[in-house]
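A short write-up of the structure that comes next.
The values are calculated or read from the model by the stated rules, or taken from the named source; none is laboratory data. A quick note: this is a predicted structure, and the numbers were derived from the prediction, not measured. Virtual Cβ from ideal backbone geometry, glycine too; neighbours counted across all protein chains shown. Remember, those area values only see protein heavy atoms, side chains included, never the ligands or the DNA or RNA. Shrake-Rupley method; radii C 1.70, N 1.55, O 1.52, S 1.80 Å.
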Amino acid sequence: MIFHALTIWDFFVLMVRIAIIVVVVVHVLLTKRDVGASIGWIGVTVLMPLTGGMLYAMFGINRVHRRARRMAGRHPWRSRTMSSQWRREAAGAFAPLASMVGKLTGRPLLGGNAITMLHDGDGAYPRMIAAIEGARHSVLLCSYIFRPDQAGQRFCTALIAAHRRGVQVRVLVDGVGSGYFDCGVGRILHRAGVPVGRFMHSMLPWRMPFINMRDHKKILVVDGLAGFMGGLNIGDENIVASAPAHPVSDTHFELAGPVVHQLSEAFARDWAFTTGEELTADIFFPPQASHGPGLCRIVTAGPDMDLEKIEYTMLQAFTLARHSIRVMTPYFLPDDRFLTELALAALRGIEVDVVVPWHSNHTVLDWARAANLPRFLDSGCRIWLARPPFNHSKLMVVDGQWSFVGSSNLDVRSLRLNFEINLETYDPALAGRLDAFIASHRHVRLTHHDLDRRKPWRKLRDAGARLLLPYL
């Protein structure tokens with residue numbers, strides 16, 4: 001009788017395992033685009049059905065895309081974005097790129113914008129806080145990291161004061177980046193009555209991918225007229241002049257003009273996704289005036305309806321390059337497709353320069369980067385190391401004419417899994433300033449010799465770290 005019961009139990013467990021394998025395999029085949037990821041998930045589930053099925057349910061199912069499809073077409077603010085006013089000749093040799101990105105994003109290229117480059121929290125925070133303190137109608141703030149330290153407290157004070165004088169304030173922070181178990185700024189602002197959303201946060205593991213699909217955007221829009229975006233988080237480490245223990249240098253941008261509507265729209269989409277509230281009032285999308293000659297557009301990307309749009313924009317820009325490609329990024333771990341496009345550009349005579357930190361704030365990423373560079377260097381591309389402090393800027397300039405800046409890093413996680421926001425500009429003056437800034441950080445050139453002289457155990461370590469590239 002006991003033997004018979006055990007046999008029935010074993011048969012039941014076997015059926016459960018087979019059912020899990022079948023469900024995962026069918027779901028992977030119908031939903032996954034990446035062949036490597038598909039094979040990986042199927043392999044793990046076949047070898048360990050119970051564990052693999054649980055991991056796939058937690059990390060492998062893109063609930064974001066499914067929810068985004070349900071919300072598609074429900075955003076009336078899109079119609080408020082000004083229609084395209086650019087002339088084809090204004091984009092010059094990059095007119096095909098401008099046309100392609102318009103079709104890719106559904107957003108028009110807008111003229112009449114002024115763009116101011118800001119450096120570190122030292123230069124950006126005072127202007128951002130002053131804008132909040134002067135707000136009359138609305139403040140929209142989104143940040144991946146928003147620490148409750150001295151820098152964060154100054155922002156909280158300004159936001160709470162704005163809320164108390166009747167300004168419509170909305171604050172969105174990432175559910176992991178700003179604290180998973182304890183979100184200090186969320187608690188401070190919530191107690192003061194400020195509406196706060198925590199993007200993709202849940203204490204229930206099956207409702208939230210812990211690491212994947214983070215909102216990495218940095219957005220501030222005041223009264224729908226003054227906009228800020230770029231790579232700068234909110235924390236004491238970004239105030240370089242105060243000599244923090246681990247300083248982080250960064251580049252941010254202040255925007256004025258019609259493109260601010262698109263910045264507001266990007267925030268409104270994420271806010272509606274997180275809280276269900278749709279920001280459609282006129283105070284969030286006021287009439288815009290021309291502020292300068294800048295021709296630009298917001299490009300968003302994420303594992304929803306915006307999948308890979310930032311990467312596609314970069315790849316298309318590389319194909320149009322005729323003279324130079326300059327890149328500055330804190331992490332350089334792109335996939336083979338990205339590396340191939342840069343390598344092909346170098347092989348046809350384009351100067352390709354990539355500036356990365358001497359040491360980033362993630363040691364494992366530095367190890368994986370070292371193992372990923374030989375093929376890149378073989379094609380004639382150049383890698384430059386920037387001396388400390390660690391620079392977190394994400395900048396790209398092509399032919400000294402077209403620029404692409406924002407929150408997106410050059411790694412698989414940022415390009416495929418995170419929610420990111422970039423700004424493309426067809427402004428030679430800004431491109432020149434960015435080109436000069438990137439050039440000023442080309443401190444030491446990394447060569448094959450530097451990679452070859454690594455000790456064998458370091459090469460093995462770096463090669464092992466490189467296998468984690470899709471997850472870093």
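The figures follow:
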item	result
Residues (without any contact (Cβ under 8 Å) to a residue 40 or more places away in the chain, in a helix (DSSP H, G or I) and either open to solvent by 10 Å² or more (accessible area, probe 1.4 Å) or within 15 Å of Ala371 (Cα to Cα) (or both)) located in the range 430-456	Gly432, Ala436, His449, Asp450, Asp452, Pro456
Residue identified as among the polar types (S, T, N, Q) and under 21 Å from His246 (Cα atoms) among Asn409, Asn418, Asn372	Asn409
Flag if Ser407 is touching a Ser or Thr at 6+ places or on another chain (Cβ under 7 Å), within 20 Å of Lys309 (Cα to Cα) and of a type in the set (Gly, Ala, Ser)	no
Whichever residue in the range 148-172 is open to solvent by less than 10 Å² (accessible area, probe 1.4 Å) and free of Cβ contacts under 8 Å to residues at least 40 places away in the same chain and, among such residues, is nearest to Ala266 (Cα to Cα)	Val171
The listed residue being in a loop (DSSP other than H, G, I, E, B), among the small types (Gly, Ala, Ser) and touching a Phe, Trp or Tyr at 6+ places or on another chain (Cβ under 7 Å), out of Gly292, Gly224	Gly224
Criterion violated by Asn418 - all others in (1) in contact with a Lys or Arg (Cβ under 7 Å, 6 or more places away or on another chain); (2) at pLDDT below 95; (3) open to solvent by less than 10 Å² (accessible area, probe 1.4 Å) satisfied	(3)
Criterion (crowded, with 24+ Cβ neighbours inside 10 Å and either assigned to a helix (DSSP H, G or I) or free of Cβ contacts under 8 Å to residues at least 40 places away in the same chain (or both)) met by exactly one of Ser408, Ser403, Ser393, Ser360	Ser403
Scope the range 96-139; condition in a helix (DSSP H, G or I), surrounded by 20 or more Cβ atoms within 10 Å (Cβ to Cβ) and more than 23 Å from the chain's Cα centre (by Cα); matching residues	Ala131, Ile132
Failed item in (1) part of a helix (DSSP H, G or I); (2) over 30 Å from Pro258 (Cα atoms); (3) touching a Lys or Arg at 6+ places or on another chain (Cβ under 7 Å), with Ala465 passing the rest	(3)
Number of positions in the range 376-390 that are open to solvent by 20 Å² or more (accessible area, probe 1.4 Å) and closer than 21 Å to Gln316 by Cα	2
Residue match in the range 217-237 (condition: at pLDDT below 95 and surrounded by fewer than 23 Cβ atoms within 10 Å (Cβ to Cβ))	no
Scan of the range 386-417 for residues that are within 24 Å of Leu468 (Cβ to Cβ) and of a type in the set (S, T, N, Q), ordered by number	Asn391, Ser407, Ser408, Asn409, Ser414
Subset of the range 306-357 (residues that are within 22 Å of Ala93 (Cα to Cα), outside any helix (DSSP H, G or I) and not polar (S, T, N, Q))	Ala321, Arg322, His323, Ile325, Arg326, Val327, Arg348, Gly349, Ile350, Glu351, Val352, Asp353
Residues located in the range 174-196, provided they are touching a Gly at 6+ places or on another chain (Cβ under 6 Å) and modelled with pLDDT of 95 or more	Val196
Selection count where residues are open to solvent by 20 Å² or more (accessible area, probe 1.4 Å), in contact (Cβ under 8 Å) with a residue 60 or more places away in the chain and in a helix (DSSP H, G or I), scope the range 274-289	3
Where Arg269 falls short, out of the listed (1) surrounded by fewer than 23 Cβ atoms within 10 Å (Cβ to Cβ); (2) part of a helix (DSSP H, G or I); (3) among the charged types (D, E, K, R)	(1)
So Arg269, is it of a type in the set (Lys, Arg) and under 23 Å from Ser403 (Cα atoms)	no
